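Notes follow the structure.
Every read-out reported here was derived from the displayed coordinates using simple, explicitly stated rules and does not represent laboratory data. Values in this document were obtained by computation on a predicted structure and should not be read as measured data. Cβ sites come from the backbone with ideal geometry, for glycine too, and all protein chains shown count toward neighbours.
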Amino acid sequence: MRALRAVFLLNGAALGVFYPFISVILADRGVPPAWIGIVMAASAAAFTVAVPAWGHIADVVLGRRRALAASALGAAVFVLVAGAPVEVVVVALALVGFSSFESAWGPLGDALAVNAIRDHGRDYARIRLLSSVGFGVVSALAGILYNTTGYGPSFMLCALLAVLLALAAIRAPDVARADLAAVAHGRTRGGSFAVALRIQPRLGPVLLAILLIHVGVIAGFTYLPLRLIELGGGPSDVALNAAVSAFAEIPAMLLTGAIAARIGIRGLVGGSAFLYAACFLSWTVLDTPMLIVATRVVTGFAFAGLWVGSVLTMAVLLPPRLQGTGQGLYQVTAFGVAAVIANVGGGFVFGALGSAVLFGIAAVLAVAAGLLAFVVFPRRGERVAREEDEAIPLPFAATPA
């Protein structure tokens with residue numbers, strides 16, 4: 001379990017040293033907001049294409065820990081290229097390559113975790129909070145460092161942490177690879193993602209709710225730092241914006257398991273979506289960087305609820321040997337498809353109509369997601385899927401075990 005804990009801690013640290021600063025790094029190189037959105041959308045598109053491939057590779061070909069190690073090493077190579085003295089277009093292409101490899105970190109780490117623990121509700125949250133610790137501590141320290149050095153060291157630091165992630169991943173516990181022919185009764189066309197969607201029809205409406213809320217989440221991640229810079233903030237404000245949310249996730253992760261056990265996963269996810277809606281609305285009117293940063297305490301709690309609720313939903317709906325695929329479905333929807341929509345559409349809305357309109361749209365989508373979540377996510381006490389299960393019909397009112 002030490003290796004698994006190291007995987008989550010290093011995952012958060014590697015992202016924290018680099019990811020919160022991508023949009024401002026590009027802006028610092030003279031890239032306008034609309035084109036930043038296009039670069040981020042291209043990265044999200046690469047993420048969207050890569051995650052299904054990584055899920056299949058992990059569940060069927062290499063195993064989850066080897067696939068995670070390979071993805072970490074590939075991401076290290078691309079982030080070093082992005083930091084080299086090259087043209088902006090090469091930097092953009094390298095960021096797309098980085099995203100295609102980094103896309104595996106979250107779903108494969110989560111797949112390793114849910115298969116290694118006994119009490120999903122409580123034990124997963126305790127492991128997942130290590131990512132928040134790593135992200136929060138490292139992003140805060142990085143912001144202080146970049147105030148002095150500029151953003152140059154971010155690339156090398158991210159690469160170093162990615163290599164350490166690969167070393168931890170290869171030692172993490174794992175379960176056997178999936179036999180798709182047995183799981184899908186011979187219908188294996190389309191790979192593990194198609195098999196998962198075929199054997200569990202409930203995934204469709206669940207993924208729709210995840211998509212709606214994460215359009216706003218990603219828009220905030222990409223464009224809130226630019227709003228802070230507009231209001232006179234600097235690198236330390238951008239770093240604090242990310243760090244406050246990440247630090248808030250730490251106590252939130254400890255609480256989410258108990259909350260899910262008491263009110264069910266659907267209550268956890270629906271309530272988190274409504275919290276996000278309130279924060280999005282506040283960003284339409286607040287005009288002081290520190291007040292905006294203060295709201296990130298609330299989004300930290302909401303993000304923890306969304307993440308844990310979505311991960312546990314996949315653990316309920318799909319069997320253990322398809323968890324790499326299931327967690328990939330969650331992440332490709334939340335951080336792939338949603339990111340393409342948020343970054344392309346958000347870039348044009350932010351540039352043409354301003355941040356208030358962008359975050360107002362995000363609030364409407366968050367409310368819709370919350371309402372849908374209260375209908376389609378698993379109820380409290382719902383039975384966890386097993387390897388031998390046949391395809392399950394679509395029960396909006398599931399029967400407790």
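Here the peptides 11-19, 334-342 are ranked by packing, the mean other Cβ count within 10 Å, and the order with the highest first is 11-19, 334-342. Give the angle, between 0 and 90 degrees and rounded to the nearest 10, that separates the Cα long axis of helix 203-230 from the longest principal axis of the Cα atoms of the chain. Approximately 10 degrees, to the nearest ten. Once both labels are positioned 7 Å from their Cα atoms along Cα-to-Cβ, the gap between Asp287 and Arg262 label points is 4.0 nm. The distance between label points at Leu371 and Ser236 comes to 4.4 nm (points 7 Å beyond Cα on the Cα→Cβ vector). Once the chain from Ala176 to Ala294 is taken as fully extended at 0.36 nm per residue, the excess over their C-alpha distance is 38.0 nm. Summing charges over all other residues whose Cβ lies under 14 Å from the Cβ of Gly328, with Lys and Arg as +1 and Asp and Glu as -1, gives -1. Relative to one another, the C-alpha centroids of the range 283-301 and the range 189-266 are positioned 16 Å apart. In plain terms, the chain from Trp35 to Val163 could stretch by 43.1 nm, reckoned as 0.36 nm per residue minus the Cα-Cα distance.
Helix 88-102 and the longest principal axis of the C-alpha atoms of the chain enclose an angle of approximately 30°. Using the Cβ-Cβ distance between Ala278 and Leu353 with R0 set to 25 Å, the FRET efficiency from 1/(1 + (r/R0)^6) comes to roughly 0.70. Relative to one another, the C-alpha centroids of the range 351-375 and the range 26-98 are positioned 27 Å apart. Ordering 195-202, 240-247, 149-156 by mean Cβ neighbour count within 10 Å, with the highest value first, yields 240-247, 195-202, 149-156. Dipole magnitude for the chain: computed about the Cα centre from +1 point charges on Lys and Arg Cβ and -1 point charges on Asp and Glu Cβ, it is near 900 debye. Fully extending the segment from Thr149 to Leu255, taken as 0.36 nm per residue of separation minus the present Cα-Cα distance, adds 34.4 nm. Positive contributions from Lys and Arg (+1) and negative ones from Asp and Glu (-1), summed over other residues with Cβ under 13 Å from the Cβ of Gly220, come out at +2. Ranked by the mean number of other Cβ atoms within 10 Å of their residues, highest first, the peptides 87-95, 310-318 fall in the order 310-318, 87-95.
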